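Everything on this sheet refers to the single structure shown next.
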Amino acid sequence: MALIAPNDGEQFLLGLMLGNKTQQDFKLRLFVQPTVAPTENTVFADITEPSGGGYAAISMPKAGWSVATDGSGVTSAGYAQQTFSFSAAANVYGYLVTADDGATTRILWIERFSGAPFTLPAGGGAIAITPKIILD
């Protein structure tokens, strides 16, 4: 499935660009419910993260992002690969990047895995994600 930037997150990002919001460290998270098909109207309250099994959201400090332009007008921002480690079985359907404005957690972008779910066996395992967003 394609990456979606929900309206709530778009508004937050525009606030950052215009100086109306304070830069926050973003967080990389996973979601586990099979019924989520991200849309423009998806909000953080719609999301269920894994519980137990060693899961924890990963903080991505702003200094870790790199920005590049490929010479044809396409600019991307990327972050080093991040790994979620699990000690138990899990079915994971996708990932999201969030920011917290002090009162509300906002989804900046969300993507359901192609061929979801990603199934981890009873002994656990790892899911590696390289966060990246492209503007054209």
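Values in this text are rule-based calculations from the coordinates and carry no lab data. All values derive from a computational prediction rather than experimental measurement. In this analysis, Cβ positions are derived from the backbone assuming ideal geometry, glycine residues included, and neighbour counts consider all displayed protein chains.
Under a plain spin-label model, where a point goes 7 Å from the Cα along Cα-to-Cβ, how far apart in nm are Ser59 and Ala122?
3.7
Using +1 at the C-beta of Lys and Arg and -1 at the C-beta of Asp and Glu, which of Ala116, Ala77, Ala128 has the Cα lying farthest in the positive direction of the dipole of region 7-135?
Value: Ala128.
How many nm is it between the label spots at Gln11 and Phe113, if each spot is 7 Å from the Cα in line with the beta carbon?
With each label placed 7 Å out from Cα toward Cβ, I get 3.2 nm.
So, R0 is 30 Å and r is the distance between the beta-carbons of Leu18 and Lys132; what FRET efficiency does that work out to, to 0.05? Display every interim value, and only then the final one.
Working: r = 24 Å, r/R0 = 0.79.
Here the calculated transfer efficiency is 0.80.
What is region 7-135's relative contact order, in percent, from Cα pairs under 8 angstrom and six or more apart in sequence?
On the way: 248 pairs, mean separation 40.0, N = 129.
31 percent.
State the label only: which of (i) 16.3, 54; (ii) 15.2, 47; (iii) 14.5, 41 corresponds to Rg and Dmax of the Cα atoms in Å computed from the shown model?
Of the labelled values, this structure produces (ii).
Label 7 Å along Cα→Cβ of Ala77; region 29-61 residues with amide nitrogen under 12 Å?
61
Could you state the angle between the C-alpha long axis of helix 7-18 and the longest principal axis of the C-alpha atoms of the chain, as a value from 0 to 90 degrees rounded to the nearest 10?
Compared with the principal axis, the helix lies near 40 degrees.
Could you line up Ile107, Ile127 from fewest to most neighbouring Cβ atoms inside 10 Å?
Working: Ile107 26, Ile127 18.
Going from sparsest to densest Cβ surroundings: Ile127, Ile107.
For Trp109, enumerate residues with amide H under 5 Å from its amide H, sequence gap 5+ or separate chain, H modeled in the peptide plane.
Result for Trp109 returns Val97.
What value, in deg cm²/dmol to 500, does the helix sum -39500 (n - 2.57) over DSSP H runs of n ≥ 4 give at 222 nm once divided by the residues of the chain? It would help to have the intermediate numbers written out before the result.
Values: 1 runs with 12 residues, N = 136.
The helix contribution divided over the chain gives -2500 deg cm²/dmol.
For Ala88, list long-range residues whose amide hydrogen, built 1.01 Å from N in the peptide plane, is under 5 Å from its own amide hydrogen.
Correct list: Gly124, Gly125.
I need Ser72, Ser66 ordered by Cβ neighbour count within 10 Å, fewest first. Mind dumping the intermediate values first?
On the way: Ser72 6, Ser66 11.
With the sparsest Cβ surroundings first, the list reads Ser72, Ser66.
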